[in-house]
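Asker: One structure, pasted below without further comment.
Here, each number is a calculation from the coordinates, and none is a lab measurement. Not measured: the values here are computed from a predicted model. Cβ coordinates were reconstructed from backbone atoms using ideal geometry, including for glycine residues, and neighbour counts include every protein chain displayed.
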Amino acid sequence: MLDSPVWAALTTGNAALAEGNSLAMRYPPEVAPFAAVAGETPASFEALASLTSAGERVALVGLGVLDPPAGFRIERQASIVQMILETPATAEPAGPEPVVLGSADVADMIDLTGRTRPGPFGPRTIEFGRYIGIRADGALAAMAGERMRFDRFVEISAVCVDPGHRGKGYAALLMMRLIRQMQGRALTPILHVFEDNVNAISLYERLGFRWRKTMQLTVLARY
């Protein structure tokens, strides 16, 4: 499951959000750009093509470098690190009390993620699960939340802090709050981060995450 996180999530924990069939599945684009195929076969990519429109982009995550499938061009390939936390959470750092973010906060969440670029975040991404944030003088200063889920694993995502509030420990505070809540439900936190994002990886390691495996992110654009 961990080696095919998008497929695992779309077919189990996030099945309510899934579009597709036994060969290819995806999230609605307003939720996330991620898609997955049952296997790297012509039939699977034909099924994926039927789920996309001309010019549309989808992101796949797997272990190997993907060759361009028929009907698509490769727009981006990058190495990402899958990290996992299997030890008890450390003490939550001191700081402002996080607030639960809801539909009324989506515009602020899109603004913050658009400026900080932690990863894709759309108008329906919040449907994945619980998102929390820190507000300063009414403005959203930091946020983090839950994304893909399958079996006992839940992915922490959209970890971002407004540049004017960096260095205050907000990312660690929000992540530890989510981690403690997950572990209280017997769930195991995971996350994915670009391999060259050394600052984020260093933070995650300090929080107890270990580097599980290097994977490949491939963004496909439909002809």
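Asker: Relative contact order for the range 83-212: what is it in percent, counting Cα pairs under 8 Å that are at least 6 residues apart?
Answerer: Details: 215 pairs, mean separation 41.5, N = 130.
Relative contact order of the range 83-212: 32 percent.
Asker: Simple spin-label model, 7 Å along Cα-to-Cβ: GLU86 to HIS165 in nm?
Answerer: Modelled inter-label distance: 3.4 nm.
Asker: What distance in nm separates the simple spin-label points at ALA139 and ASP108, each placed 7 Å from Cα in the Cβ direction?
Answerer: It is 1.2 nm.
Asker: Provide the net charge surrounding GLU97, with neighbours chosen by a C-beta distance below 13 Å and charges set as Lys +1, Arg +1, Asp -1, Glu -1. Present the calculation step by step, with values, prior to reporting the outcome.
Answerer: Details: positive: ARG135, ARG177; negative: GLU92.
My count for the surroundings of GLU97 gives +1.
Asker: Which percent, nearest 5, of DSSP beta bridges in the chain are antiparallel?
Answerer: Values: 42 of 46 bridges.
So the antiparallel bridges amount to about 90 percent of the total.
Asker: Now for a separate question. How much length is gained if the chain between ALA221 and GLU205 is pulled fully straight, taking 0.36 nm per residue apart and subtracting their Cα-Cα distance, in nm to one decimal? Each step should come with its number before you reach the end.
Answerer: On the way: separation 16, 0.36 × 16 = 5.76 nm, distance 3.36 nm.
Contour length minus the Cα-Cα distance gives 2.4 nm.
Asker: Going 7 Å from the Cα of GLU97 toward and past its Cβ, which residues in the range 137-181 have a backbone nitrogen under 16 Å from where you end up?
Answerer: What the label zone holds, given the 16 Å backbone N cut-off, is 137-138, 174, 177.
Asker: If you don't mind, there's one more thing I want to ask. Could you work out the relative contact order of the range 33-91? I mean the mean sequence separation of Cα pairs under 8 Å and 6+ apart, divided by the number of residues, in percent.
Answerer: Details: 26 pairs, mean separation 20.4, N = 59.
Relative contact order, the range 33-91: 35 percent.
Asker: Same structure, new question: Determine the relative contact order of the range 1-139: mean sequence separation of Cα pairs under 8 Å and six or more apart, normalised by residue count, in whole percent. Walk me through the numbers on the way to the answer.
Answerer: Numbers: 147 pairs, mean separation 31.8, N = 139.
This gives 23 percent for the range 1-139.
Asker: Only helical DSSP H runs with n ≥ 4 go in: add -39500 (n - 2.57) per run for the chain, normalise by residue count and round the 222 nm mean residue ellipticity to 500 deg cm²/dmol. Please report the intermediate quantities before stating the final value.
Answerer: Numbers: 5 runs with 51 residues, N = 223.
Result for the chain: -7000 deg cm²/dmol, rounded to the nearest 500.
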